[in-house]
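A.B. asks: Following this message is one structure expressed as C-alpha cells.
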Amino acid sequence: MDLATRKYNFIKELTRVDEVLLEKLEKVLMSSKKNKDWFLDLSIDEQSEIEIGLMEADKNEFINNEDVMKKFAKWH
C-alpha cells in the first residue's frame, strides 16, 4: 500500500475515534513537531508506571514473553 493510500485510510479512521484517543494523537503530532520527548506529554501516573517497569526490567524482575505464552496457551 502506498503512502497516499495509507494516509487516506488513516484520515477515514480518524472520523471514528473518540475524544480521548484524538487528544492522545494530537499530543503525539504536536510533540513530534516540537522535537520534544513524547514521555513529557504523558501524565505523572503514566510516567511513573513506565519508570517502575524499567526499574523492574533492570533488576530482571519480569516474566519473559515465552513463559507468559506457555501459561496462557490453553486459551488459544
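A.B. asks: Quote to one decimal, in nm, the extra length available between residue 39 and residue 58 on full extension: 0.36 nm per residue of separation minus the C-alpha distance between them. Provide the component values of the computation, followed by the final result.
C.D. replies: Working: separation 19, 0.36 × 19 = 6.84 nm, distance 1.89 nm.
So the chain would gain 4.9 nm between residue 39 and residue 58.
A.B. asks: So how many Lys-Lys pairs in the chain land under 22 Å Cα to Cα, not counting same-chain pairs under 8 apart?
C.D. replies: Lysine pair count for the chain: 10.
A.B. asks: If you stretched the chain out fully between residue 15 and residue 1, how much longer would it get, using 0.36 nm times the residue separation minus the C-alpha to C-alpha distance?
C.D. replies: 3.0 nm
A.B. asks: Which one, (i) 8.8; (ii) 5.5; (iii) 4.4, gives mean projected area of the Cα convex hull in nm² as derived from the coordinates shown?
C.D. replies: The listed entry that was calculated here is (i).
A.B. asks: Which of rounded, prolate, oblate describes the stretch 1-41, given a ≥ b ≥ c as roots of the alpha-carbon gyration tensor eigenvalues and a/c under 1.5 marking rounded, otherwise prolate only if a/b is larger than b/c?
C.D. replies: It is oblate, given that a/c is not under 1.5 and a/b is not larger than b/c.
A.B. asks: Only helical DSSP H runs with n ≥ 4 go in: add -39500 (n - 2.57) per run for the chain, normalise by residue count and round the 222 nm mean residue ellipticity to 500 deg cm²/dmol.
C.D. replies: Result for the chain, helices only: -20000 deg cm²/dmol.
Laboratory data are not the source of any read-out in this text; all were calculated from the coordinates shown. On a predicted model such as this, the values are computed, not experimentally measured, just so you know.
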